[in-house]
Amino acid sequence: MRVVSPLVISGLLLAAACAKTGESHQAHHADACAGEGPVVTDAWVRAAPASGGTTAAYFNLCNAGAADVELIGIDTPAADVVELHETTKDANGVASMAPIPGVSLKPKESVSFAPGGKHVMLIGVHDGVAEGGAVTLTLHFNDGSTATVEAPVKSQGSEEPHGH
Ligand SMILES: [Cu+2]
């Protein structure tokens, strides 16, 4: 059987697209899944151009616990509304993003929130989300637990597309 499956081809194209966004280099740090329960690492927030605007937060999340856990929401004092989003590309390479309900992690599983993929949308950003600052993010899980991180504000990286 010499026929190359279209699924394999599209998978390769997706991998190439991800590499271009630079999200994969962060995912490689996720192998150290130590601690208890959900562990957040490498959190950061893109600097917002002005208060009232929209920006995004990113991090790696791994499940160091023994049971499945689901990230169901995030809140922050730095914005009016927080949504979990995922950016995808259609067959023409046009990127768009849509809300996702949550992310389930099996024990030792990790997920990367990174530019060009899953991200945390901060809508109605308050003053002070500028480079050199920090934003407190509180992650909520389906078992009632939370994880709070201080995410530094950085100006690096590309913008998320704004269309929904
Ligand atoms: Cu978004």
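If the condition is being buried (at least 16 other Cβ atoms within 10 Å of the Cβ) and within 17 Å of residue 48 (Cα to Cα), then the range 62-96 contributes 76, 78, 79, 82, 83.
Counted as qualifying within the range 43-135 are the strands (runs of 3 or more DSSP E) with 1 or more residues that are within 16 Å of the ligand (Cβ to nearest atom) and either closer than 14 Å to residue 153 by Cβ or of a type outside the set (A, V, I, L, M, F, W, C) (or both), namely 54-63, 69-75, 79-89, 95-99, 110-113, 118-125. The residue pairs whose first member lies in the range 62-82 and is within 19 Å of residue 113 (Cα to Cα), whose second member is at pLDDT 95 or above and among the aromatic types (Phe, Trp, Tyr), and whose beta carbons are closer than 8 Å, counting only pairs six or more residues apart or on different chains, are 69/141; 70/141; 71/141; 72/141. Pairing each residue of the range 36-52 that is within 11 Å of residue 129 (Cα to Cα) with any residue that is outside any strand (DSSP E or B) and at pLDDT below 95, provided the two are 6+ apart or on different chains, yields C-beta distances under 6 Å for 47/130; 47/131; 47/155; 48/129; 51/126; 51/127.
The values are calculated or read from the model by the stated rules, or taken from the named source; none is laboratory data. Computed from a predicted structure; not experimentally measured. Quick reminder, even Gly has a Cβ in these numbers, built from the backbone with ideal geometry, and neighbours come from all protein chains shown.
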